[in-house]
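Enquirer: Please find one structure pasted underneath; my questions will follow.
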Amino acid sequence: MAERIVDLLVDPAGDGMRLDAFLATSAELPSRSACARLVESGAVTINSTLATSKSERVALGDRIRATVDEPEPSPYPGGLAPNPYIDLDIRYEDEHLIVLSKQAGLVCHPSPGHVDDTLANALVARYGYGNLGLLQGEDRPGIVHRLDGDTSGLMVAAKSDEAQRALQDLIRLRTLDRRYVTLVQGYVAADEGTVTTGIARSPRDRLRMAVSDAPGAREAITTFRTLERFEAGPRDEGYSLLECHLWTGRTHQIRVHMRHTGHHLVGDPLYGRGDLARNLRLTRQFLHSWHIRFDHPITGELVEFSSALPEDLAAVLKSLEGRSMGRTAVGQEIVPQIVPQDS
């Protein structure tokens, strides 16, 4: 890793300041907290003497030197390494867009803990930066909308900025039809319903979203149809299989809305109840993007695809067969499409 030397001279404005605060006044150095870490790591000297405390006061005329590590420039365009070892289940593609079915456990784009093992890395390996839309940023090539890492199923990617913009417009206009299948806890009495709330980041836990009426909350609309209900058992309150239709695309929307109704997603580690998930031997939330439908934004042709449940989710439904209270009319139509023939 390369190093960069930053030399500073304490002027009258800096006289008497804490060392970390003075360092942070320089445009060549990072935030105050990062400057404090530089001091703690032994990377700062005052008049050629090692600084030992971030709270040490500097004086007029002091010469401060900070040694900053500089990461080596990435050899890849956009800084994103191609990863050809990630399987891509492509269901459709043309010169403009891609429809794929994402496997559970695959994160859509780089984030803390995921640098080169994401869907974006796989798309770069297969198509190259020059053949993917970059409107979302060079770290999100091709990405139009996201699925949570542990959510499986269908999603769309774009091969150009034009297609990416057009697909995002379809989402904003609510004409890109995305439908999910989820198993929730408890007996959902209604055959269908609509949940309309605001959603914002939880003030208590920054990793979670929450239903909110705060000024910054964004409108979120989810409709659902009940497909099948399952009787309560000795260690649970029963389950309901639902199809959810997203009219908006807020972070964790279905998971937050189902929690709001009192019916947590089975297996949801963030919003649900892990003990019930273990009873069904499920290690992730039961949520699968099973159907997608839209008019191709460039050619105008209808694009429509379905994706059966992966093995882990199908196995859960198989284990509950003996507790079924029967399928609704729409369940009789949809469940045979989502349960693999050999499950």
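The values are calculated or read from the model by the stated rules, or taken from the named source; none is laboratory data. Here the structure is a predicted model, which is why all the values come from computation and not from measurement. Positions of Cβ are backbone-derived with ideal geometry, glycine not excepted, and every protein chain shown enters the neighbour counts.
Enquirer: Which condition number in (1) free of Cβ contacts under 8 Å to residues at least 12 places away in the same chain; (2) among the aliphatic types (A, V, I, L, M); (3) under 17 Å from GLU237 (Cα atoms) is the one that LEU280 fails?
Expert: (1)
Enquirer: While we're here: In the stretch 1-72, which strands (runs of 3 or more DSSP E) lie fully inside it and hold 1 or more residues that are surrounded by 11 or more Cβ atoms within 10 Å (Cβ to Cβ) and among the hydroxyl-bearing types (Ser, Thr, Tyr)? Lay out the reasoning, then the answer.
Expert: Numbers: elements: 2-9, 44-46, 63-70.
Answer list for the stretch 1-72: 44-46, 63-70.
Enquirer: Report whether or not GLY198 is within 30 Å of GLN164 (Cα to Cα), in a strand (DSSP E or B) and either of a type outside the set (Val, Ile, Thr) or touching a helix residue (DSSP H, G or I) at 6+ places or on another chain (Cβ under 9 Å) (or both). If you could, list the steps in order and put the result at the bottom.
Expert: Details: within 30 Å of GLN164 (Cα to Cα): yes; in a strand (DSSP E or B): yes; either of a type outside the set (Val, Ile, Thr) or touching a helix residue (DSSP H, G or I) at 6+ places or on another chain (Cβ under 9 Å) (or both): yes.
Judged against the criteria, GLY198 is a match.
Enquirer: What residue, of ALA157, ALA166, is of a type in the set (A, V, I, L, M) and over 24 Å from HIS288 (Cβ atoms)?
Expert: On the way: ALA157 fails: over 24 Å from HIS288 (Cβ atoms).
ALA166 is the lone residue from the list that is of a type in the set (A, V, I, L, M) and over 24 Å from HIS288 (Cβ atoms).
Enquirer: Separate question: Given the residues GLY262, GLY267, GLY193, which is the only one that is touching a Phe, Trp or Tyr at 6+ places or on another chain (Cβ under 6 Å), assigned by TED's automatic domain parsing to the domain that holds ILE292 and assigned to a loop (DSSP other than H, G, I, E, B)? Step through it out loud before you land on a result.
Expert: Numbers: GLY262 fails: touching a Phe, Trp or Tyr at 6+ places or on another chain (Cβ under 6 Å); GLY193 fails: assigned to a loop (DSSP other than H, G, I, E, B).
Exactly one residue qualifies, and that residue is GLY267.
Enquirer: Are any of the residues in the stretch 170-182 more than 20 Å from ARG293 (Cβ to Cβ), in contact with a Leu (Cβ under 9 Å, 6 or more places away or on another chain), outside any loop (DSSP other than H, G, I, E, B) and touching a residue at least 24 places away in the same chain (Cβ under 8 Å)? Walk me through it before giving the result.
Expert: Just the residues of the stretch 170-182 that are more than 20 Å from ARG293 (Cβ to Cβ), to begin with: none.
No - not one qualifying residue is present in the stretch 170-182.
Enquirer: What is the one condition in (1) in contact (Cβ under 8 Å) with a residue 60 or more places away in the chain; (2) farther than 18 Å from LEU265 by Cα; (3) in the same structural domain as HIS263 (by TED's automatic domain parsing) that ARG201 does not satisfy?
Expert: (1)
Enquirer: With part of a loop (DSSP other than H, G, I, E, B) and loosely packed, with under 15 Cβ neighbours inside 10 Å as the only criterion, which of ARG284, ARG235 stands out?
Expert: Details: ARG284 fails: loosely packed, with under 15 Cβ neighbours inside 10 Å.
Within the list ARG284, ARG235, the selection yields ARG235.
Enquirer: Sticking with this structure for a sec: If LEU207 satisfies all but one of (1) in a strand (DSSP E or B); (2) loosely packed, with under 13 Cβ neighbours inside 10 Å; (3) under 18 Å from the mean Cα position of the chain (by Cα), what's the number of the condition it fails?
Expert: Status for LEU207: all satisfied but (1).
Enquirer: Collect the residues in the stretch 300-325 that are over 18 Å from GLU231 (Cα atoms) and part of a strand (DSSP E or B), keeping them in residue-number order.
Expert: LEU302, VAL303, GLU304, PHE305, SER306
Enquirer: What's the total number of residues in the stretch 107-126 that are at pLDDT 95 or above and part of a loop (DSSP other than H, G, I, E, B)?
Expert: 0
Enquirer: Does GLY249 fit the bill of being closer than 30 Å to ARG165 by Cα, surrounded by fewer than 18 Cβ atoms within 10 Å (Cβ to Cβ) and at pLDDT below 90? Even if it seems obvious, please write down each step before you answer.
Expert: Values: closer than 30 Å to ARG165 by Cα: yes; surrounded by fewer than 18 Cβ atoms within 10 Å (Cβ to Cβ): yes; at pLDDT below 90: yes.
In short, yes.
Enquirer: Here's another thing I want to ask about it. Somewhere in the stretch 296-308, is a residue closer than 27 Å to ILE199 by Cβ, assigned by TED's automatic domain parsing to the domain that holds THR182 and in contact with a helix residue (DSSP H, G or I) (Cβ under 6 Å, 6 or more places away or on another chain)? Explain how you work it out, then say what you get.
Expert: Step one: filter the stretch 296-308 for residues closer than 27 Å to ILE199 by Cβ, giving 297, 307.
Cutting the leftovers down to assigned by TED's automatic domain parsing to the domain that holds THR182 gives us 297, 307.
Those left that are additionally in contact with a helix residue (DSSP H, G or I) (Cβ under 6 Å, 6 or more places away or on another chain): 297.
Yes, there is a match, as at least one residue in the stretch 296-308 is closer than 27 Å to ILE199 by Cβ, assigned by TED's automatic domain parsing to the domain that holds THR182 and in contact with a helix residue (DSSP H, G or I) (Cβ under 6 Å, 6 or more places away or on another chain).
Enquirer: Given THR196, THR182, which one is more than 17 Å from GLY137 (Cα to Cα), buried (at least 18 other Cβ atoms within 10 Å of the Cβ) and of a type in the set (Ser, Thr, Tyr)? Full working, then the answer.
Expert: Working: THR196 fails: buried (at least 18 other Cβ atoms within 10 Å of the Cβ).
On inspection, the qualifying residue turns out to be THR182.
Enquirer: What are the pairs with Cβ atoms under 9 angstrom where one residue, in the stretch 321-343, is touching a residue at least 24 places away in the same chain (Cβ under 8 Å) and the other, located anywhere, is of a type in the set (Lys, Arg) and not in a strand (DSSP E or B)? Sequence gap at least six, or different chains.
Expert: Short answer, once both residue conditions are applied: VAL339/LYS318; SER343/LYS318.
Enquirer: In the stretch 144-165, is there at least one residue being free of Cβ contacts under 8 Å to residues at least 12 places away in the same chain and either under 30 Å from VAL124 (Cβ atoms) or acidic (Asp, Glu) (or both)? Walk me through how you get there before you give the answer.
Expert: First, the residues of the stretch 144-165 that are free of Cβ contacts under 8 Å to residues at least 12 places away in the same chain: none.
No, there is no match, as no residue in the stretch 144-165 is free of Cβ contacts under 8 Å to residues at least 12 places away in the same chain and either under 30 Å from VAL124 (Cβ atoms) or acidic (Asp, Glu) (or both).
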